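J.: Can you keep this structure in mind? I'll have questions shortly.
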């Protein structure tokens with residue numbers, strides 16, 4: 001039935017109505033977002049995705065941020081009322097680039113993951129922000145090391161199909177994008193009791209059956225461990241200076257059906273997010289059952305989609321209100337995980353001090369904002 005919906009065998013209206021009903025059942029008329037700064041810890045990467053402008057080689061923009069830079073971005077985020085420090089980076093660049101290994105060794109680190117740990121610990125200790133690390137493939141010991149400084153973490157599945165790794169496909173020569181390894185990382189988050197953000201990327205060459213299979217794979221992972229705190233449904237945007245610069249972007253009415261299908265498959269209590277900066281009329285996703293706009297920054301660009309500016313928070317609030325919803329800020333970790341089962345004891349008090357009785361960001365946590 002799910003595949004029939006995407007293939008157009010059945011109309012979209014019943015699906016949209018059910019998705020909206022499920023969203024209201026789980027989240028009422030509240031839509032959330034996370035006020036964040038984007039920290040591109042390193043733009044070096046071992047992968048060569050054909051749609052990516054984030055990763056760059058040494059000498060052409062591929063580099064690491066120094067600790068002073070990480071702290072400066074974080075403190076600027078504090079001044080703008082942010083509560084999330086999103087650490088985004090290439091996966092294990094030292095496996096491909098000797099310059100990365102040399103840079104790390106000169107500072108006493110054997111791996112990029114060790115540097116991620118040090119920098120998220122720095123931000124957690126020195127600022128009011130909560131790190132949310134997206135460092136790529138990890139196993140249980142990696143999660144254990146990062147958990148004391150990251151109340152949540154994330155990594156997109158993108159798609160469950162290994163076909164996308166074949167020659168001529170977008171994930172060819174991308175060892176980090178092996179879906180078997182990505183699912184193992186998602187399971188490791190569950191074993192480690194780490195609230196985890198993941199999702200699908202729509203429009204990179206997959207077929208409709210592979211979209212459906214990807215959503216059900218994530219639903220199965222969540223059923224095993226309960227670790228998936230939100231599903232991002234992201235539409236591919238073609239970028240200049242990439243091999244996929246001329247690739248077609250997903251049709252919005254079709255993509256709206258994918259969003260609603262994600263709600264239907266994942267159920268009423270799963271947070272479903274669509275990035276608002278990747279669609280001009282992003283209000284359409286409110287009718288498809290979303291309850292969250294994801295991380296939105298008043299300060300830093302979207303380093304993964306630099307051509308797509310964030311909507312001003314005033315516009316985000318107005319669009320949400322016009323749709324009949326109330327916009328509320330949240331931490332990078334969702335309220336249902338604000339307990340000692342899912343958050344390290346050293347972080348739990350800081351989390352609870354930053355939220356109100358409903359688990360949303362308390363007003364005092366954003367005091368001092370200059371925006």
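J.: Mind jotting down a quarter of the surface of the convex hull over the alpha carbons of the range 162-205, in square nanometres, one decimal?
T.: So the mean shadow area of the Cα hull is 3.3 nm².
J.: For the range 225-371, state what percent of all Cα-Cα pairs lands in each successive 10 Å bin, counting from 0 Å until the bin that includes the largest distance.
T.: Bins of 10 Å from zero give 10, 33, 37, 17, 3 percent of pairs.
J.: So what is the relative contact order for the range 57-185, in percent, with contacts set as C-alpha pairs under 8 Å and at least six apart?
T.: This gives 22 percent for the range 57-185.
J.: If I histogram all Cα-Cα distances within the range 248-310 using bins 10 Å wide from 0, what percent of pairs lands in each bin?
T.: Reading upward from the zero bin: 21, 48, 28, 3.
J.: If you don't mind, another one. What is the distance in Å between the Cα centres of the range 15-56 and the range 139-160?
T.: 16 Å
J.: At a threshold of 8 angstrom on Cα-Cα distance, excluding pairs fewer than six apart, so keeping six or more, what relative contact order does the range 148-203 reach in percent?
T.: Relative contact order for the range 148-203 comes out at 52 percent.
J.: Give me the Kirkwood hydrodynamic radius of the range 1-156 in Å, from all C-alpha pairs, to one decimal place?
T.: 17.8 Å
J.: Going by how many other Cβ atoms sit within 10 Å of their own, how do 265, 290 line up, fewest first?
T.: Sorted ascending by nearby Cβ count, the order is 265, 290.
J.: Something else: How big is the Kirkwood radius of the range 66-199, worked out from every pair of different alpha carbons and given in Å to one decimal?
T.: Taking every pair of different Cα atoms in the range 66-199, averaging 1/r and inverting gives 15.8 Å.
J.: If you don't mind, another one. Assuming a viscosity of 0.692 mPa s and a temperature of 37 °C, what translational diffusion coefficient in µm² per second does Stokes-Einstein assign to the chain, Rh being the Kirkwood radius over Cα pairs?
T.: Answer from the Stokes-Einstein relation: 159 µm²/s.
J.: Taking a ≥ b ≥ c as the square roots of the eigenvalues of the Cα gyration tensor of the range 1-55, is the shape rounded (a/c under 1.5), prolate (a/b larger than b/c) or oblate?
T.: oblate
J.: Show me the ranking of peptides 112-123, 92-103, 350-361 by mean Cβ neighbours inside 10 Å, starting with the highest.
T.: 112-123, 92-103, 350-361
J.: Rank the residues 25, 158, 210, 84 as a footprinting-exposure proxy: fewest other Cβ atoms within 10 Å of their Cβ go first.
T.: Going from least to most buried by this count: 25, 210, 158, 84.
J.: Still on this structure, I have one more. Which percent, nearest 5, of DSSP beta bridges in the chain are antiparallel?
T.: Rounded to the nearest five, the antiparallel share is 5 percent.
J.: Also: Whole angstrom only: what separates the Cα centroid of the range 263-305 from the Cα centroid of the range 199-260?
T.: Rounded to whole Å, the Cα centres lie 12 Å apart.
J.: Just from the alpha-carbon atoms, what are the Rg and Dmax of the range 198-308 in angstroms?
T.: Rg and Dmax of the range 198-308, Cα atoms, are 14.1, 40 Å.
J.: Counting only C-alpha contacts under 8 Å and six or more residues apart, can you give the relative contact order of the range 105-178 as a whole percent?
T.: 24 percent
J.: How many times 2.2 N^0.38 Å is the alpha carbon radius of gyration of the range 275-347?
T.: With N residues counted in the range 275-347, Rg over 2.2 N^0.38 Å equals 1.29.
We did not get these values from a lab; they are worked out from the coordinates using the rules stated. Please read these numbers as outputs of a predicted model, since none were measured by experiment. Positions of Cβ are generated from backbone atoms using ideal geometry, with glycine treated the same way; all protein chains shown enter the neighbour counts.
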